[in-house]
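Notes follow once the structure below has been shown.
The values are calculated or read from the model by the stated rules, or taken from the named source; none is laboratory data. Treat the numbers as computed from the prediction; the structure is a model and nothing was measured. In this analysis, Cβ positions are derived from the backbone assuming ideal geometry, glycine residues included, and neighbour counts consider all displayed protein chains.
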C-alpha cells in the first residue's frame, strides 16, 4: 500500500545540520511518540519468518522522512499548532540527557518559541499534513 491509500500521512522532519547518529536517534524517538499515540489500528500484526520465529509488529503505513533547517522546523511546529495537529518533538537539549524524566524537564524549561527543535513527527489527515509539510525536501 502506498502513502495515498491511507486516511493519514506519517512524517518525520529532522534537522539538516545534525550528525548521522543524531538524525537516526531523533527519528527513532519521534516514531516512538507517534506509535504510542496512534492506537492499535496503526499497528500491524506480528511478523513471522519461514521457520516460525515471531517478530514485533510495525506501523501499517509508510513513514515519510524530511529534512529542514532550524527555522523551517519552527515553521512546521507553528503550522501544526494552528491546524490543531498533535506532534512529537525532539530538542537539541535532549541529546545531553539520559532519561525520559530529564528529557521532559529539558523541554519544560524552554518557552515554545525558543525551542531548539531537532525534529518533529506527525500523523495527520493528508490535507493537514501536506499543508504543514509544504516546501520541505525529503531526506536524501
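Brief remarks on what is shown
- Within the range 124-140, the set of residues being loosely packed, with under 12 Cβ neighbours inside 10 Å and closer than 15 Å to residue 82 by Cα comprises 127, 134.
- Residue 93, sole failed condition from (1) under 16 Å from the mean Cα position of the chain (by Cα); (2) buried (at least 17 other Cβ atoms within 10 Å of the Cβ); (3) closer than 19 Å to residue 29 by Cβ; (4) at pLDDT 95 or above: (1)
- Residue match in the range 63-84 (condition: over 25 Å from residue 18 (Cβ atoms), modelled with pLDDT of 95 or more and surrounded by 13 or more Cβ atoms within 10 Å (Cβ to Cβ)): yes
- Counted residues, the range 1-56 - those being assigned to a helix (DSSP H, G or I) and surrounded by 10 or more Cβ atoms within 10 Å (Cβ to Cβ): 18
- Some residue of the range 105-116 being out of contact with any helix residue (DSSP H, G or I) (no Cβ under 8 Å at 6 or more places or on another chain), under 15 Å from residue 15 (Cα atoms) and surrounded by fewer than 13 Cβ atoms within 10 Å (Cβ to Cβ): no
- Residues of the range 44-102 classified as more than 16 Å from residue 115 (Cα to Cα) and in contact (Cβ under 8 Å) with a residue 60 or more places away in the chain, total: 6
- So residue 121, is it within 15 Å of the chain's Cα centre (by Cα), modelled with pLDDT of 95 or more, surrounded by 13 or more Cβ atoms within 10 Å (Cβ to Cβ) and more than 17 Å from residue 17 (Cβ to Cβ): yes
- Residue match in the range 47-56 (condition: within 21 Å of residue 100 (Cβ to Cβ) and touching a helix residue (DSSP H, G or I) at 6+ places or on another chain (Cβ under 6 Å)): no
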